[in-house]
Amino acid sequence: MTSALPRRYAVWLVLLAAAGTFAMTMGVRNSMGLFLGPINTSTGLGLASVSLAFAFGQLWWGITQPFAGAIADRVGAGRVLLAGALMVSLGTFITPYMNSVAGLTLAIALLSAGGAGLAGPAVLMAATTRLIPPEKRAMASGIVNAGGSFGQFLMAPIAGALTISLGWGQAVQALALFVLLCLPAAFILRGNAQQGSVNAGGAAPLSVRQALSQALHTPSYLLLAAGFFVCGFHVAFLGTHMPGVIAACGLPSQWAGWSLALIGLFNIIGSLGIGWAMGRWPLKRLLSLLYTVRGLAVLAFVLAPKTPAVLLLFSAVMGLSFLSTVPPTAGLVARFFGPANMAMLFGLVMVTHQIGGFLGAWLGGRIFAATQSYDWVWYMDIMLAFAAALVHLPIREAPASRPVTT
């Protein structure tokens with residue numbers, strides 16, 4: 001069997017392990033945007049150069065996920081999650097010692113973001129899908145996703161308080177130690193896709209080449225990936241540059257931590273709500289609705305006066321849709337291809353998400369350095385959000401045809 005845990009404890013333990021891991025990795029990773037300014041001041045590299053290191057982190061987080069998923073499908077999620085958590089902790093801990101673009105890229109991107117990719121949603125969602133009964137998977141995906149939001153809500157104020165009391169360098173290293181709390185989850189989530197498909201009575205996993213061929217010849221999967229690109233652009237821009245946006249609005253710096261925390265808090269509500277809604281409405285329509293809400297919220301924020309009340313309201317609305325796109329996106333991948341190859345194929349969708357994330361983080365710094373304003377980034381974000389809302393409408397929510405094997 002996939003797990004030796006008693007049946008009556010399996011569901012809540014699986015959810016606690018997966019949501020807790022996502023909380024630690026996502027909370028620490030999304031809180032790093034609070035240190036962009038101090039890192040820039042300490043190194044003297046310039047905002048564009050530091051933003052480039054953060055942007056590479058966004059890209060690398062996505063690139064690692066299909067490989068992490070493919071490995072987890074074969075050798076088990078536990079080993080992949082263990083390696084990922086250790087890499088996040090190490091990369092975060094050594095960040096204050098880096099004073100060059102190459103050093104920051106090593107710490108923030110290759111180690112920290114790469115480790116977060118190994119212990120990221122591709123492996124966590126697939127492990128949860130494998131271990132949770134089918135009738136509970138929709139709500140379970142919302143709960144796991146809410147774990148990442150809770151991590152952001154919890155860690156952003158902690159990071160701000162630690163910075164005030166310890167200084168930014170020791171605050172970053174304290175966050176690195178928090179990540180180690182999720183190590184026991186690797187034991188609970190162990191097991192691979194072959195075990196999961198056998199236990200569920202499903203089809204055996206395809207080879208990597210067969211699964212990729214099937215995915216790339218499924219138009220609905222390609223449309224889903226295109227929409228997720230937009231999600232990455234928006235999330236990475238806000239996660240990296242929200243402190244800079246607040247400073248550009250002339251608001252005190254302490255609002256940055258509260259803004260990120262409020263995004264995390266309301267994303268818990270959004271994640272749980274989307275988990276409930278997934279069992280009642282078509283997933284593609286839910287995704288179109290979420291991207292429409294994002295576009296309207298950004299448009300309203302651009303036009304509104306920049307006051308603390310407006311900022312907090314904007315953060316709350318954005319929080320409702322911030323990571324709520326993940327459960328229905330993962331649900332559609334599982335609906336297209338089943339759980340057997342889900343970790344790798346959802347990880348591949350995450351690559352497009354993080355290509356968008358790279359552009360969101362990098363262009364935010366480049367455009368601000370050139371214009372001393374974030375306006376053009378907001379304009380791009382509005383257009384992309386409405387485009388993503390339209391892209392999801394032609395998706396067919398039906399299983400993809402399995403390739404013929406000989």
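With angles folded into 0 to 90 degrees, how steeply does helix 121-131 sit against the dominant principal axis of the chain? Use alpha carbons for both and round to 10.
For helix 121-131, the angle is close to 30 degrees.
Using +1 at the C-beta of Lys and Arg and -1 at the C-beta of Asp and Glu, which of Gly62, Gln254, Ala185 has the Cα lying farthest in the positive direction of the dipole of the chain?
Of the candidates, Ala185 comes out farthest on the positive side.
Just the Cα atoms of the range 97-192: what Rg and Dmax do they give in Å?
Just the Cα atoms of the range 97-192 yield Rg and Dmax of 16.2, 50 Å.
So for the range 252-347, considering every pair of alpha-carbon atoms, how many percent are separated by more than 22 Å?
38 percent
Going 7 Å from the Cα of Leu393 along its beta-carbon direction, which residues of the range 268-286 have the amide nitrogen within less than 13 Å of the resulting point?
285
Listing Thr307, Thr21, Thr105 from the residue with the fewest other Cβ atoms within 10 Å to the one with the most, what is the order?
Thr307, Thr105, Thr21
Using every Cα-Cα pair within the chain, state what percent have a distance larger than 29 Å.
Tail of the P(r) past 29 Å holds 38 percent of the pairs.
Label-point separation (nm) for Leu303 and Leu222, each offset 7 Å from Cα along Cα-to-Cβ?
Distance between label points: 3.6 nm.
What list do you get for Cys249, Cys231, Cys182 if you sort them by fewest beta carbons within 10 Å?
Ascending Cβ contact count within 10 Å gives the list Cys249, Cys182, Cys231.
Before rounding to the nearest 500, sum -39500 (n - 2.57) across all DSSP H runs of length at least 4 in the chain and divide by the residue total; then give [θ] at 222 nm in deg cm²/dmol.
When only DSSP H runs of four or more count, the value is -25500 deg cm²/dmol.
Order by neighbour count: Asp73, Asp381, fewest other Cβ atoms within 10 Å first, most last.
Least crowded to most crowded, the residues run Asp381, Asp73.
Checking a compactness column here: for the range 208-297, what do you get for Rg(Cα) / (2.2 N^0.38 Å), N being the number of residues?
This ratio for the range 208-297 stands at 1.41.
Which whole-Hz couplings ³J(HN,Hα) result when phi for each residue of the range 310-320 is put into the Karplus expression 6.51 cos²θ - 1.76 cosθ + 1.60, θ = phi - 60°, listed in order with x for Gly and Pro?
Going residue by residue, I get 5, 4, 5, 5, 4, 4, 5, 5, 5, x, 4 Hz, with x marking Gly and Pro.
Looking only at Arg137, Arg280, Arg294, which one moves most when the chain is put into a Gaussian network model with springs between Cα atoms under 10 Å?
Arg280
Cα axis of helix 326-337 to longest principal axis of the chain: angle in degrees, 0 to 90, nearest 10?
30 degrees
Each value in this text was obtained by applying a stated rule to the coordinates, not by laboratory testing. Just so you know, these numbers come straight off a predicted model, no measurement behind them. All Cβ positions, glycine included, derive from the backbone under ideal geometry; neighbour counts span all protein chains shown.
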